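Note sheet for the following structure.
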Amino acid sequence: MIDVRQLTRTFPGSSIPALDGLSFTIGRGEVVALAGRNGAGKTSLLDVIGTLLLPSAGEAIVAGFDVACRASDVRRHIGYAMAGARGLYTRLTVRQNLQFFAALHPQAHEPHARVDEVADLLQLGPFIDQPVRVCSDGMLQRIVLARALLGRPSILLLDEPARALDPVARRHIGGVIDGLLKAGDVGAVLYATHDLEAIEGSATRALVLSRGRLVYDGAPHCAEIARLLEDEP
């Protein structure tokens, strides 16, 4: 469902690539953890696959479409839950934000009903009519995941999905994603994480980035990945 081929991204003004010749594929049914130290390129990779950044070289094919020249088609198939409040309107309520984004999404038929459905799924009811600016970091994580689910995506991109969540909320969110996968509503998940201990129980595979390069693509063994990161210069 995701096919990355020699993908490179260099930001203007920098001579060092943030992503350096990455190649990998993610098939249907896979839940892939993306690990790496701060600055390794995890968010940059998600941003390219999520059509927010253009590749400098190489390509990324998502759901059969090139992210560089078929971005609108890619967006019909993905849901991207970014870290924090990126893109949210903090003066609007949670409900108003979700209704706004649902109305814009071509796959979110009957936007108001879809917002209610997603809010119920993620237990947003207690704070759905509060302004986003007063929401805690844990609440924000649930809101951005709700936004990502509005269009019934077949591919989920998640940037630190467990960030700031308490243990109960973390188990609930994990259960929601697992349920969507088992039902076939979501076909694949790629998520960035620093929580290595949780990888073995939640991922079917792991990718590890180091300074923009792919240095590991294999089983989600947290001890092996931790040793790899500790040995990084």
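The values are calculated or read from the model by the stated rules, or taken from the named source; none is laboratory data. All values derive from a computational prediction rather than experimental measurement. Reconstructed Cβ throughout: ideal geometry from the backbone, glycine too, with neighbour counts over all protein chains shown. Just the protein is used for accessible areas: all its heavy atoms, side chains included, with ligands, DNA and RNA removed. Shrake-Rupley method; radii C 1.70, N 1.55, O 1.52, S 1.80 Å.
All other residues with a Cβ under 12 Å from the Cβ of Arg76 taken together, and with Lys, Arg as +1 and Asp, Glu as -1, what is their net charge?
Details: positive: Arg70, Arg75, Arg152; negative: Asp73.
My count for the surroundings of Arg76 gives +2.
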The stretch 8-138 pair-distance distribution - Cα-Cα, 5 Å bins, rounded %: 2, 9, 15, 18, 17, 15, 13, 9, 3, 0
I'd like the Karplus ³J(HN,Hα) series for the stretch 50-61: coefficients 6.51, -1.76, 1.60, θ = phi - 60°, whole numbers in Hz, and an x wherever there's a Gly or Pro. x, 6, 8, 10, 8, x, 7, 7, x, 8, 10, 10
Residues with amide H under 5 Å of Leu34's amide H, sequence separation 5 or more or different chain, H placed in the peptide plane at 1.01 Å from N; which? Tyr191, Ala192, Thr193, Leu207
Specify the angular offset, from 0 to 90 degrees and rounded to the nearest 10, of the alpha carbon long axis of helix 167-183 from the longest principal axis of the alpha carbons in the chain. 80
Computed over the chain: longest principal axis from alpha-carbon atoms vs helix 94-104 long axis, angle to nearest 10 degrees, is 70
Quickly work out the Glu117-to-Arg28 label distance, labels modelled 7 Å from Cα along the C-beta direction, and quote it in nm with one decimal. 2.0
What does the charge add up to near Cys135, with Lys and Arg as +1, Asp and Glu as -1, over the other residues with Cβ less than 15 Å from its Cβ? +4
Gaussian network model of the chain, springs between alpha carbon atoms under 10 Å - residue of Val115, Val176, Val186 with greatest fluctuation: Val176
So for the chain, considering every pair of alpha-carbon atoms, how many percent are separated by more than 30 Å? 23
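Starting from the residue with the highest accessible area, list Arg152, Arg28 in decreasing order, probe 1.4 Å.
Details: Arg152 135, Arg28 170 Å².
Highest to lowest solvent-accessible surface, that is Arg28, Arg152.
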Under unit Cβ charges (Lys, Arg +1; Asp, Glu -1), what dipole magnitude, rounded to 20 debye, does the chain have relative to its Cα centre? 520
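What is the Å³ per residue value for the convex hull set by the Cα atoms of the stretch 95-185?
Numbers: hull volume 8.6 nm³, N = 91.
Output value, Cα hull per residue: 94 Å³.
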List, in order, the whole-Hz ³J(HN,Hα) value for each residue of the stretch 35-44 obtained from phi through the Karplus relation with A = 6.51, B = -1.76, C = 1.60 and θ = phi - 60°; use x for Gly and Pro. 10, x, 6, 4, x, 6, x, 4, 5, 4
